[in-house]
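Here is the structure we will look at, set down as structure tokens.
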Amino acid sequence: MLRANQAVRLGLSAASRNAELSFAKALINQGGNLIALLPIALAAALIAALARGDALRSALLAARALAALRWPVLGGIAAALSIALAASLLFWAGAVPLLAADAELNRRPPPGNFALLVSRGAARTLVAGILGWGISILFTLACDAAVIFAIPAVLLRPSSGLFAAAALAGAVAVTGTFLLDALARLIMVRAAAFGDSATPAFARAVSLLGARLGASAVITVVFVALELIVGAVATSLTGLLSAGSFNPRDQVLALAPHAAIALAAAAVFGWLEVGRMGAFAALAADAEGLIAPEAPPEPRPRAELVVEALPADEA
């Protein structure tokens, strides 16, 4: 049986051997963020164009434009997020089979199969991804709604029971988020790498998660910790570039280092994301008996005792 540390090692090795997948994932993530910010930037530019001339009239025009653009901006953000999600799911339709093959072969799979895998598995991967991530998103929204309704009750009538219930709800939210993230990734692996449709992929992913709950939790915690470390390092470097100088010229000159740090962090995040999916792909492949067990280490010869090495006393 494949252990959690071995699955992590296989996932990171697959991400390193297939570096183009990490860079592609980074580009998809950054492109999705830029597309999601585009409606906000356009609305801000429109409001800034209206806010010229007389102060009172400009303020009224800006307020009316802000009220009119509220729903179009939200619709644009939702459309941008949907495009980014679809692009990410299509990427996993081609990347997950390659990662599973890399974990099985312990080497880079033959090139030239990404587009073919996307064309064959796009439909079922989209459906399975929407199912898996939809459950995770609905759970997150339910937890957020519970927190929103619980805060007034805790503030108005504080009691030990309410605080205990809030702590329990927080623990359930964190644990459920981690488990549902692992479930969504296993559903994607089953659909993309093993050709299951949405319902069988969900059932087999639940079964695998129940059988390898500890390994799935360890994989999730390890990669979340690595992502937190990378995020902390990138934030620290960005803060060092921005600290101690409020000169506009210095801030303009710092744009290039900021962009370089952002791109480097995006590449590392993409590598970790591909590695995490590769680890879950290795876990699923091991459940199917596709991962060959490692050969046990050869036994070392017994060390010669010091007493036996001493020359015998002639007497």
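The values are calculated or read from the model by the stated rules, or taken from the named source; none is laboratory data. From a predicted model like this one, the values you see are computed outputs, not experimental measurements. For neighbour counting, all protein chains shown are included, and Cβ atoms are generated from backbone atoms with ideal geometry for every residue, glycine included.
Looking at 195, 176, just one residue is on the phi > 0 side of the Ramachandran plot and at pLDDT 80 or above, and that residue is 195. With respect to the stated conditions, residue 56 is modelled with pLDDT under 80, of a type outside the set (S, T, N, Q) and out of contact with any Cys (no Cβ under 7 Å at 6 or more places or on another chain). Within the bounds of segment 154-177, is there any residue that is of a type in the set (Phe, Trp, Tyr), under 23 Å from residue 137 (Cα atoms) and assigned to a helix (DSSP H, G or I)? No; the residues of segment 154-177 include none that is of a type in the set (Phe, Trp, Tyr), under 23 Å from residue 137 (Cα atoms) and assigned to a helix (DSSP H, G or I). Checking 115, 153, 164 one by one, the residue that is more than 21 Å from the chain's Cα centre (by Cα) and at pLDDT below 80 is 153 and no other.
Considering (1) closer than 24 Å to residue 204 by Cβ; (2) charged (D, E, K, R); (3) within 21 Å of the chain's Cα centre (by Cα), the lone condition that residue 144 does not fulfil carries the number (1). The condition of being of a type outside the set (Phe, Trp, Tyr) and either under 21 Å from residue 125 (Cβ atoms) or modelled with pLDDT of 90 or more (or both) holds for only one of 42, 61, 21, that being 21.
If you go through segment 110-130 and keep only what is crowded, with 18+ Cβ neighbours inside 10 Å and out of contact with any Lys or Arg (no Cβ under 8 Å at 6 or more places or on another chain), you end up with 114, 117, 118, 121, 124, 125, 126, 129. Please count how many residues of segment 263-291 are basic (Lys, Arg) and either under 16 Å from residue 211 (Cβ atoms) or outside any helix (DSSP H, G or I) (or both). Of the residues in segment 263-291, 0 are basic (Lys, Arg) and either under 16 Å from residue 211 (Cβ atoms) or outside any helix (DSSP H, G or I) (or both).
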